[in-house]
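All remarks here apply to the structure that follows.
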Amino acid sequence: MINTDTKALSPTHLNRRTFVQGIAAGGLLAALPSWVHAGSKASASSDSIPVLRGREIDLVVAEMPVNFTGAVRMATTINGSVPAPTLRLREGDEVTIRVTNKLSVPTSIHWHGILLPYEMDGVPGISFKGIAPGETFVYRFKLRQSGTYWYHSHSGFQEMTGMYGALIVEPRTGEKHQSDQDHVIQLSDWTDEDPMSVFSKLKVQSDVYNLSQPTFFDFTRDVSDMGLQSALEKRQMWNRMRMNPTDLADLSAATMTYLMNGTTPAGNWTGLFKPGERVRLRFINAASNSFYDVRIPGLRMTVIQADGQDVEPVTVDEFRFGPGETYDVMVEPQNDAYTLFAQSMDRSGYALGTLATRQGLSAPVPSVDPVEWLTMADMMGSMNHKGMSGMAMNHSQHSSQDTQEIKHDLSKPSGTVQHARTEYGASVDMRVDTPSTKLNDPGIGLRDLSKKGLRPVGHRVLTLADLKSIDGVIDDYRTPVRELELHLTGNMERYSWSFDGLEFGKSTPVSLRQNERVRIILQNDTMMTHPMHLHGMWSELETDQGELRVRRHTIPVQPAQRISFLTTPHDLGRWAWHCHLLFHMDAGMFREVVVS
């Protein structure tokens with residue numbers, strides 16, 4: 001946990017460039033204790049993050065001082081490392097992982113995306129009681145899958161203070177895609193502030209960290225581009241809605257330093273290759289609150305896995321992913337050095353690294369893209385909003401239930417929007433009546449980049465529509481027997497987040513039956529993108545026509561978007577379902593799922 005006795009620097013004490021770049025030698029300050037590799041076979045990776053292998057592994061959770069920005073703070077570490085050691089396990093093995101808690105508060109580890117008994121899922125209050133100070137908890141489960149995953153704390157804000165690591169499950173029959181080099185690229189974010197203090201500030205003023213508030217100069221540019229009357233109408237529209245068109249992320253480089261494999265941009269993490277080699281890059285978004293847009297200027301990426309699952313290879317120049325998501329790509333570098341560039345979705349900063357033939361090389365670093373304003377299309381075309389006049393609420397679609405069960409032809413998802421009665425309350429400031437069901441939209445800031453002169457002609461950005469599981473979605477092709485509709489809701493002024501207007505604690509569990517084939521519709525009634533993670537089962541994304549596309553464990557849902565997926569819960573128990581933006585989860589966008 002962060003040491004609250006040490007006062008964090010406010011954003012005004014360091015300039016923006018310092019926050020974006022960090023310091024070159026940032027990282028852990030203390031020597032590794034003797035218990036770091038106890039009971040485990042360890043080897044050093046090329047980027048100095050420890051690698052642990054085997055069927056039995058010991059992990060120790062503790063505090064250690066770090067310095068990423070020039071200020072010493074306390075991090076939550078696993079085996080003295082930030083990120084935590086990379087675990088390389090093998091499909092089909094039963095593994096035993098002993099986790100010892102040396103903190104003064106309880107802790108936990110969740111194995112993100114791994115199918116296992118619910119008692120091993122690591123969510124305090126849902127699947128187990130947590131790991132008390134001084135105790136050791138033994139996780140034991142059989143690996144039923146392969147691919148790129150990760151693990152992290154599910155206790156408080158420990159994940160935000162360094163408690164996360166890569167988890168690679170190697171296929172028992174060998175990799176489908178052969179490579180000469182294999183690098184984990186784990187993106188995260190770090191704040192020198194106490195996370196609870198950051199959260200409290202957002203509760204008071206949700207846009208306190210927004211570096212891109214509309215200014216007088218934005219207004220004068222609009223006047224020049226569209227005329228005085230149109231510029232005034234644009235500004236009045238946003239004022240009436242009491243919303244900010246640049247509110248793309250809750251946190252920014254005003255408090256965040258963006259990290260690649262635990263290294264600041266100034267530190268320039270480097271992954272090595274030899275000319276002519278095929279290189280596999282396992283991208284993991286382990287950030288607490290940040291979406292990243294990833295590209296390697298001058299080098300195309302062929303996506304071969306999404307969320308650890310093989311997909312039909314698709315070659316792209318850029319992709320966006322949110323906390324919890326993973327993408328594996330293959331590249332074939334020809335030059336001596338390439339920049340790995342991951343800018344935050346709000347365009348306030350970036351994580352940075354280099355692919356190179358030797359240490360010390362670098363390549364040109366792109367400029368951060370300009371901030372793009374949300375439009376009414378992003379806000380859902382037409383909507384009901386408490387701050388807007390002349391827009392009637394559709395009371396005919398109310399329901400007395402907070403979770404909608406839809407009755408219709410289940411061969412494809414329902415297109416009729418159903419707002420729960422619980423959405424009409426203080427926890428919801430916006431509802432969408434005409435959502436988008438398109439999967440081929442890359443999202444705000446990534447549309448038409450070539451036309452805007454921000455990328456070369458032909459630049460391709462990955463979308464959900466590009467992804468298709470290579471071996472079929474799953475072995476269950478039954479038509480769903482029922483359909484549930486839930487809405488992602490929030491109130492920006494209150495900084496409240498929820499399902500169907502009900503924060504966790506006010507909602508009842510979602511009940512699923514074991515081996516039941518069910519469709520779940522998620523509609524985003526907010527202006528922010530939410531990476532939704534359902535524990536314990538796959539989320540099999542489909543089109544609005546019911547065509548199964550890709551197997552995921554975390555699905556990003558854009559503003560005003562309506563998506564659906566099928567699932568078959570095989571494992572009994574209590575599971576978590578939440579937005580993987582840590583503060584959104586903590587503010588209420590969390591639901592329990594009970595499989596019986």
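Number of residues in region 561-588 that are more than 14 Å from Ser539 (Cβ to Cβ) and within 14 Å of the chain's Cα centre (by Cα): the value is 5.
Residue check: Val82 meets all listed conditions (1) free of Cβ contacts under 8 Å to residues at least 60 places away in the same chain; (2) buried (at least 22 other Cβ atoms within 10 Å of the Cβ); (3) among the β-branched types (Val, Ile, Thr) but one, namely (1). Filtering region 539-556 for residues that are under 23 Å from Leu248 (Cβ atoms), modelled with pLDDT of 95 or more and of a type in the set (S, T, N, Q) leaves a non-empty set.
Scanning region 84-102 turns up no residue that is in a loop (DSSP other than H, G, I, E, B) and in contact with a helix residue (DSSP H, G or I) (Cβ under 6 Å, 6 or more places away or on another chain).
Can you find a residue in region 93-105 that is at pLDDT below 95 and either in contact with a Cys (Cβ under 9 Å, 6 or more places away or on another chain) or buried (at least 21 other Cβ atoms within 10 Å of the Cβ) (or both)? It would help to see each step written out before you state the result.
Residues of region 93-105 at pLDDT below 95: none.
Looking through region 93-105, none of the residues is at pLDDT below 95 and either in contact with a Cys (Cβ under 9 Å, 6 or more places away or on another chain) or buried (at least 21 other Cβ atoms within 10 Å of the Cβ) (or both).
The condition (being touching a Pro at 6+ places or on another chain (Cβ under 6 Å), assigned by TED's automatic domain parsing to the domain that holds Glu503, surrounded by fewer than 24 Cβ atoms within 10 Å (Cβ to Cβ) and in contact (Cβ under 8 Å) with a residue 24 or more places away in the chain) is satisfied by just one residue among Met527, Met537: Met537. Is it true that Ser206 is in a loop (DSSP other than H, G, I, E, B) and at pLDDT 95 or above? Criteria not met by Ser206. Condition check for Arg431 on (1) of a type outside the set (Phe, Trp, Tyr); (2) in a loop (DSSP other than H, G, I, E, B); (3) surrounded by 12 or more Cβ atoms within 10 Å (Cβ to Cβ): one failure, at (2).
Among the residues of region 209-232, how many are small (Gly, Ala, Ser) and either modelled with pLDDT of 60 or more or within 26 Å of the chain's Cα centre (by Cα) (or both)?
3
When region 559-584 is filtered for residues that are outside any strand (DSSP E or B), at pLDDT 95 or above and surrounded by 21 or more Cβ atoms within 10 Å (Cβ to Cβ), the ones remaining, listed by number, are Pro569, His580, Leu581, Leu582, Phe583, His584.
Could you list, in sequence order, the residues of region 496-531 that are assigned to a loop (DSSP other than H, G, I, E, B) and among the β-branched types (Val, Ile, Thr)? Steps first, answer last, please.
Within region 496-531, the first condition is being assigned to a loop (DSSP other than H, G, I, E, B), and the residues that meet it are 500-501, 503-509, 513-517, 525-529.
Answer for region 496-531, where residues must be assigned to a loop (DSSP other than H, G, I, E, B) and among the β-branched types (Val, Ile, Thr): Thr508, Thr526, Thr529.
Does Phe319 satisfy being closer than 15 Å to Leu464 by Cα, among the aromatic types (Phe, Trp, Tyr) and either touching a strand residue (DSSP E or B) at 6+ places or on another chain (Cβ under 9 Å) or in a loop (DSSP other than H, G, I, E, B) (or both)? Yes. The C-beta contact set for region 435-453 (first residue farther than 16 Å from His530 by Cβ, second residue surrounded by 15 or more Cβ atoms within 10 Å (Cβ to Cβ) and hydrophobic (A, V, I, L, M, F, W, C), distance under 6 angstrom, 6+ apart or interchain) comprises Asn440/Ala465; Pro442/Val461; Leu446/Val461.
Of the strands (runs of 3 or more DSSP E) lying entirely inside region 236-291, the ones with 3 or more residues being modelled with pLDDT of 95 or more and more than 16 Å from Asp192 (Cβ to Cβ) are found at 269-272, 279-285.
Could you list, in sequence order, the residues of region 337-366 that are part of a strand (DSSP E or B), under 24 Å from the mean Cα position of the chain (by Cα) and of a type in the set (A, V, I, L, M, F, W, C)?
Of region 337-366, the ones part of a strand (DSSP E or B) are 337-344, 350-356.
So of that shortlist, the ones also under 24 Å from the mean Cα position of the chain (by Cα) come out as 339-344, 350-355.
Leu340, Phe341, Ala342, Ala351, Leu352, Leu355, listed by residue number.
Has region 193-202 got at least one residue that is of a type outside the set (Val, Ile, Thr), outside the structural domain of Thr107 (by TED's automatic domain parsing), closer than 15 Å to Asp250 by Cβ and in a loop (DSSP other than H, G, I, E, B)? Reasoning before the result, please.
Going residue by residue through region 193-202, those that are of a type outside the set (Val, Ile, Thr) are 193-197, 199-202.
In the following step, the residues that additionally are outside the structural domain of Thr107 (by TED's automatic domain parsing) were identified as 193-197, 199-202.
Retained after the next criterion (residues that are closer than 15 Å to Asp250 by Cβ): 193, 195-197, 199-202.
Those still in the list that are in a loop (DSSP other than H, G, I, E, B) too: 193.
Yes, region 193-202 contains a residue that is of a type outside the set (Val, Ile, Thr), outside the structural domain of Thr107 (by TED's automatic domain parsing), closer than 15 Å to Asp250 by Cβ and in a loop (DSSP other than H, G, I, E, B).
Go over the candidates Leu59, Leu28 one by one and state the one that is buried (at least 17 other Cβ atoms within 10 Å of the Cβ), under 25 Å from the mean Cα position of the chain (by Cα) and at pLDDT 95 or above. Explain how you work it out, then say what you get.
On the way: Leu28 fails: at pLDDT 95 or above.
When all the criteria are applied, what remains is Leu59.
The values are calculated or read from the model by the stated rules, or taken from the named source; none is laboratory data. Please read all numbers here as calculations on a predicted model, not as lab measurements. Cβ coordinates were reconstructed from backbone atoms using ideal geometry, including for glycine residues, and neighbour counts include every protein chain displayed.
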